[in-house]
Amino acid sequence: MPNTSFHRKNLFRPRPHTVSPFMRPTLFLLTALIAASQTPIFIPPVTYTTNGTSVTGPSTYFNVAADFNGDGRPDLVAPDNRVFNNSNGFTIAFSTPTGYSAPTFFGTGAYTANVATADFNNDGRPDIVASGTATTVLLSNGNGTFSALAPVAMPFNFAYTAGANVTAADVNKDGFQDILVPGITGLAVALGNGNGTFRQATLYPTSLQSAWVTTGDVNNDGNLDALVTISSTSSANVFLGNGDGTFQPYLLTTPLAFGAQLADFNNDGKLDVIHQTAQPRQDGTNFGISIALGLGDGNFQGYSNYVFSAPFRDIVIADFNQDGKLDVASFLSTTGNATVFAGNGTGSLGAVIFAAPVANGPFALISADLDANGSKDLIVSSYSEFTVFRNPRGNPPLLAQLTLNPPSIIGGAAATTATISLGNPATAPVIVSLNSSDPVAFFPGGNTVTIPAGVATMSFNIATSAVAAPTSANITATAAGVTQMARFDVVPGFVLNGLTATPGSQYGIFNAIGTVTLNSPAASATVVTLNSGNPAIAAVPAFVNVPAGATSANFQITLAPVAVNTAVNLSASMDGITQVATITVLRPADAVTVTKAVYTAKVFQIKIEATGTNPAATVTAYNANTGALLGTLSGNNGKYTGTFTANMGAAPRVTLKSSLGGTTTAAAEVK
């Protein structure tokens, strides 16, 4: 398998862009709406813990991925600038068949701000150039080790910029990789000899201290140019290449933020520019991403600024969903999520198509094809661990999803349907192994299912045995080292086994609560039919729903006043089983009378006086026109009084209800 290298800030080195001095910003506030997608953007992630702590290190903020040990899988590199506690060098987490090894440290003899990778000696293996307070090349031996350090001679008046990057590109078209380093006094360009050595770098002065460089043909003349970010002003210098390794004096462009990247976001064959930005807003949110579309002549349209309400970390560009449009990944501090925004192919960003929480920030993001199947994966690294999100698309595609319909079933009943999905249609038959963590759920068609070539999804059945208590089984599907899992709940057969009315006897001026119960949790939402033997006195709804997983549900019993105590039979029915309960509607045990009711409309106040035949009763007052509760009257020896604030309307009326069933309604005098 050929070795392929990746660099976070230069994923699109062959095609960069400059920025026109005629750009006008346009603001867009991004919303976190997740776009619908048939296939997940990434399969469930795997997190690896490094050997780093705040004391011993190293930590791992990766910025390069390439295969340095010849196993066909990219390894991950973190330099001093992204490690903090290494001593003048970088660390590599080597890929293994089951994940990644603990990071290995490599010294460079100087503080290392950034690394880039390219084949500097044309042996088919990616090498490393490290830059910080010196620029050094390490040639790969292809087995995870490197040759002796080879310093790159800088111009005599060159001074390094803290934290600046380093990049590699063939700027003189001789087939050999060259090195570009931004510095305080300008851009240093060292031409490669093709054997891992370099000529002394040439200095191209910049307008001010330079901090970042990326390369590409910005004026479409077939020669690579250099876009250099100026750190102190956030502007940029464009050096047009002559095609022989030399550059013309810089052109000053509209300001750019640190770390600009170049790519074609609107698929017109012309490079666009994207970078981190700060656009002040009235609400204080000033962190975002800016995109300017290229015109193909070195000029650009106005920026589209995507603003977030808090800082974010890194910009990663890739076509994650393989729709032919570039997407953008970043980490948003507001949500704590690694987030992917869909590119819409017109040069702007669309909906969020992926968002996942990642712990232990701050973070660094890079993108690389970790499984060499042609689809870009995402690596999110934090201080002492890193999380790998693998993209199921590609060739061969990965197992992307396992779904169950329904996810809960009565044991021994009809089988449930499970569906497995690949990221893309299979290019060759894919054998998927099935497993259940509990024998109560099993596969009548066998423990494997084959997805034929040209097919992306297949379904299979899961059968169950009867259970006495609810049982959960983890169903797993595994193919090509990827396992998807779904929880499957098997429940006992449930029947209606109870109906109660609370209280069992009640005065007709009040209501009661009915409850239906099942012998075990409902496997799905279940309808229980209700009936009353005398709905004029005790009315019930036509049915009540018992939610999935519940064993009971309540409903209201609406009562009416009666002259004599009356027993009413209630019934509940489900699947041929009927349960019965009786509620007794009581006649009043006392009587209440309104002796005075005066409503003062100006202050919305009503004063009530009443008498009752049983001094032990509690009397409550209601607005007879609306049914709204006014409050409870104070009682003493059968006499009751109360003053309440309420809007009683133009024709005020009050209703009194006694706790012993007595009730009366009377008009109030208006003052």
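The values are calculated or read from the model by the stated rules, or taken from the named source; none is laboratory data. Fair warning: this is a prediction, and the values are worked out from it, not measured in the lab. When we count neighbours, we look across all protein chains shown, and the Cβ atoms used for this are built from the backbone with ideal geometry, even at glycine. With ligands, DNA and RNA removed, areas are computed over all heavy atoms of the protein, side chains included. Shrake-Rupley method; radii C 1.70, N 1.55, O 1.52, S 1.80 Å.
Quick notes on this structure:
- Contour minus Cα-Cα distance for N360 and T403 (0.36 nm per residue): 12.4 nm
- Surface share of carbon and sulfur [accessible, 1.4 angstrom probe, percent] for the range 321-452: 54 percent
- Per-residue SASA entry for E385, accessible area with 1.4 Å probe, Å² rounded to 10: 40 Å²
- Two-site FRET efficiency, D244 against L295, from Cβ-Cβ distance with R₀ of 30 Å, rounded to 0.05: 0.70
- Additional length obtainable on full extension of the chain from T626 to I577, 0.36 nm per residue less Cα span: 13.6 nm
- Computed FRET value (nearest 0.05) for N143 with T476, which takes r as the C-beta separation and R₀ as 45 Å: 0.80
- Length gained on full extension, N637 to A542: 29.8 nm, using 0.36 nm per residue less the C-alpha separation.
- Loop-located chymotrypsin sites (Phe, Trp or Tyr not before Pro) in the range 148-209 (DSSP state not H, G, I, E or B) with no more than 10 neighbouring Cβ atoms inside 10 Å: F156.
- ³J(HN,Hα), Karplus 6.51/-1.76/1.60, whole Hz, each residue of the range 336-349, x for Gly, Pro: x, 10, 6, 10, 10, 9, 6, x, 9, x, 10, x, 10, 9
- With an a/c value of 1.5 or above and a/b not larger than b/c for the gyration tensor axes a ≥ b ≥ c computed over the alpha-carbon atoms, the range 154-276 is described as oblate.
- Of the two radii for the chain, the radius of gyration is 1.21 times the Kirkwood radius, both from the alpha carbons; that is the Rg over Rh value.
- Two-decimal log10 I(q)/I(0) for the range 61-218, as the Debye equation yields it once each C-alpha is a single scatterer, q = 0.12, 0.16, 0.21 Å⁻¹: -0.48, -0.85, -1.39
- Accessible-area order (highest first, 1.4 angstrom probe) of the listed residues Y61, Y507: Y507, Y61
- Taken per residue, the accessible surface of the chain reaches 41 Å², heavy atoms only and a 1.4 Å probe.
- As a fraction of the 1.4 Å probe accessible area of the range 62-181, surface on carbon and sulfur atoms comes out at 55 percent.
- The chain, relative contact order in percent, only Cα pairs under 8 angstrom and at least six apart counted: 9 percent
- Spin-label zone in the range 563-606 - amide nitrogen under 20 Å from a point set 7 Å from the Cα of T618 along the C-beta vector: 586-593
- Förster radius 51 Å - calculated FRET efficiency between N554 and T104 (Cβ-Cβ, nearest 0.05): 0.20
- Qualifying chymotrypsin sites (Phe, Trp or Tyr not before Pro) in the range 579-632, where qualification requires a DSSP coil assignment and no more than 12 other C-beta atoms within 10 Å, comprise F604.
- Computed over the alpha-carbon atoms, the range 338-460 gives an Rg to Rh ratio of 1.06, Rh here being the Kirkwood radius from the mean inverse distance.
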